[in-house]
Each structure stands twice: as structure tokens, then as C-alpha cells.
1. What is the distance, in nm, between label points placed 7 Å from the Cα along the Cα-to-Cβ direction at Ser53 and at Gln78?
2. Taking H as built 1.01 Å from N, whose amide H comes closer than 5 Å to the amide H of Arg68, not counting residues under 5 places away?
3. Sequence neighbours fewer than 8 away in the same chain don't count; with that in mind, list the aspartates and glutamates whose C-alpha is under 15 Å from Lys59.
4. Cα atoms only, region 1-67: Rg and Dmax in Å?
5. Could you work out the mean projected area of the convex hull around the alpha carbons of region 46-93, in square nanometres to one decimal?
Amino acid sequence: MTTAPPIDWLRMAGSLLLVIGLLLGMLWMLKRLKALQEKHSGPRHMELLETLSVGVRQKIALVRVGSRQVLVGMTPGQFTALGSWDTATGTGSAPLPASTPQEQTP
């Protein structure tokens, strides 16, 4: 059984340390860039508070926009506002339910 010379092991360990160092350096740089971007763009006006999966491809999301909270229904092809309210006063509004066709009795 032959073993690799120690130089190969040192080269491989050095390369691994170099790659890990470059990765950590890039992560640090991205973190700094994100902080600078948030500093220059100001506070965010929209925030996702919570999501709830109600089906395979359907979700309900609670979103804060300024001082209002909006309940949004999401499907792959559509977003629908289900209701909204002002977080400061607690008053809100909900869209009227869709009218259902009345059954005709013979």
C-alpha cells in the first residue's frame, strides 16, 4: 500500500482552507452590503408577518403595509385581498362575499 507524499496532503489542506476563507470573506462582504443598502434605502414599508398553507398550492398571508394589515389569499395565478384593518385603531374592512347563484326550485 502506497501513501501520498506529505506535500499532496499539505496542498489539499491549504486549498481547502483557502476556499473556506474565500467563502467566509464573501459572506462577510454580502452582510456589509446588505446593511449599507438598508441604510440608504430607508425603512421597509411592507413586511410579511405570517403565512398559512391551506392547500397544496394555496396559502393565506398576513402582510403589514405601513400601519395597515392585509390578509391575502394566494394561488399560483392570483392574489386576492381577503380583508384589511388599521393596526393603530383596530378598525377594518373585509370585502363582500361573492354572490352565489340561487337554486331554482321546480
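Each value in this text was obtained by applying a stated rule to the coordinates, not by laboratory testing. Note that the structure is predicted; figures quoted are calculated from it, not measured. All Cβ positions, even for glycine, are placed from backbone atoms using ideal geometry, and neighbour counts span all protein chains on display.
1. Here the modelled spin labels are 2.2 nm apart.
2. For Arg68, the qualifying residues are Thr87.
3. Candidates past the 8-residue exclusion: Glu50.
4. Cα only, region 1-67: 23.5, 72 Å (Rg, Dmax).
5. On the way: hull surface 13.3 nm².
Computing the convex hull of the Cα atoms and averaging its projections yields 3.3 nm².
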